[in-house]
Structures are given as C-alpha cells and as structure tokens.
1. Out of contact with any strand residue (DSSP E or B) (no Cβ under 8 Å at 6 or more places or on another chain), farther than 24 Å from Ser181 by Cβ and not in a helix (DSSP H, G or I) - does that describe any residue in segment 23-37?
2. So which pairs qualify, if the first residue must be in segment 90-116 and over 25 Å from Val66 (Cβ atoms) and assigned to a helix (DSSP H, G or I), the second must be open to solvent by less than 60 Å² (accessible area, probe 1.4 Å) and aliphatic (A, V, I, L, M), the Cβ gap must be under 8 Å, and the two must be at least 6 apart or on different chains?
3. Do you know which residues across segment 73-83 are open to solvent by 10 Å² or more (accessible area, probe 1.4 Å) and part of a helix (DSSP H, G or I)?
4. Of everything in segment 119-138 that's open to solvent by 40 Å² or more (accessible area, probe 1.4 Å) and more than 29 Å from Gly19 (Cα to Cα), which residue is modelled with the highest pLDDT?
5. Filter segment 6-25 down to the residues that are open to solvent by less than 80 Å² (accessible area, probe 1.4 Å) and touching a Leu at 6+ places or on another chain (Cβ under 9 Å) and list them by number.
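The values are calculated or read from the model by the stated rules, or taken from the named source; none is laboratory data. None of the values given here were measured: they were computed from a predicted structure. In this analysis, Cβ positions are derived from the backbone assuming ideal geometry, glycine residues included, and neighbour counts consider all displayed protein chains. The area values use the complete protein model at the heavy-atom level, side chains included, leaving out ligands, DNA and RNA. Shrake-Rupley method; radii C 1.70, N 1.55, O 1.52, S 1.80 Å.
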Amino acid sequence: MIDSSSTATRRLDAQIALGILALILTVGGTLWLGELADQVPVLREAYSRWHGVGYVLISAFLSAVVAGALVHSVRAGRAGRSVRLGWVNAALVLAYGALVALLAWHLGPEVPENFSRGRGGGPKGSYVAWLVSVLPWLALVACFGGLFPKTGSEPPSGENGRPQPEQPKFYRVPMLTAVVSWCLGILPFLFVLLAVTIR
C-alpha cells in the first residue's frame, strides 16, 4: 500500500514538473512566433487578420500542444500511458486549433480593431471572449499530459463468460474539454457572426 501510494505520488510530481516545463516552452514558443510575425509575410498577415490578441492566443495554443506532446512523451510509457494514442490526440487537437484559426482568419478582418464602449466591448469584445473560451483549456490539458490516455490492463473475462467491460475512449478528455469550451464560447461566437452579418 505504501509503495503504491509513493509511486503514484512520484508519478504525479513528475507530471506536474513536466507540465510546468511545457508551460515554460509554451511561453518561449509564443514569444518566438511573435517575433517571426515581423519577419515572415504569412505570419504578418495572420497577425493582422487574427488581431494581436488572437495571434497570441492561437500561437500559445499551437506551442502548448506541441510542447505538451513532446515533453510528456518522455515519461508516458513508464507512467502507464499510451504514447501512440497521445500523439493521435495531439493531432486531433491541432486539427481543432486549425479549425478555430481558420474561422478567426475569416472573421477577424470583419471585426473592428478597437473595443467599443458598449457592454462587453462590442464585436471585438465578443471575438476575444470567443477565442479565450475555446483555446486555453485544451492548451492546459496538453501541457499537463491530458492528451496521453492511461493504457491499463484489460480485465479478464469472468468464469461465467461475461464480456469484458468497455475501456474508456482514448479521446475522451480532449473531446469533453472541447465540448465544455464551446459551451462557454458559443454565445460570443454567435455575437461575432451576428455583428459581421449586419455590418
């Protein structure tokens, strides 16, 4: 009991330490992409279309997913987690981020550069609220190893031939996080669409 408890504690400590490392790498990656925005034409255009805050959020999301996947791959196998499925999840989350970035690419130019004096900051406020709702939570999941599902050993069938219980889907954590994120971000997103439509 003591050995298993201490092992679990060490694994948790290692996961937290790797998460902090991933956060540091995320900050570095975001700053690096910010510097590149002045030098690379396509990134300069992305900065303009996404607005400054959108560029930072999308850059941080990309950096967090890549950093989290790389950092946690080191210990995932020894911690009883699937490296292969973790990278599958990382690819799915990057595809999710690409979809959000594509929406922002088309909506951003229609959003005013400045916040309005109205309640909530107007269309710009709704645009920022939408991105803040749908991006950071999955980035945190990636940083702290949530993309790598536990493998576990399949429980043996009983003597009476009962079927084995179904294992949790490997994409459950990122999928639930994305659903909750959009529950928070759907109203700001609709406000942006409405503002763009009636503009």
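1. Within segment 23-37, one or more residues are out of contact with any strand residue (DSSP E or B) (no Cβ under 8 Å at 6 or more places or on another chain), farther than 24 Å from Ser181 by Cβ and not in a helix (DSSP H, G or I).
2. Glu110/Ala195; Glu110/Val196
3. Answer for segment 73-83, where residues must be open to solvent by 10 Å² or more (accessible area, probe 1.4 Å) and part of a helix (DSSP H, G or I): Ser73, Val74, Arg75, Val83.
4. Out of the qualifying residues, it is Pro123.
5. Gly19, Ala22, Leu23
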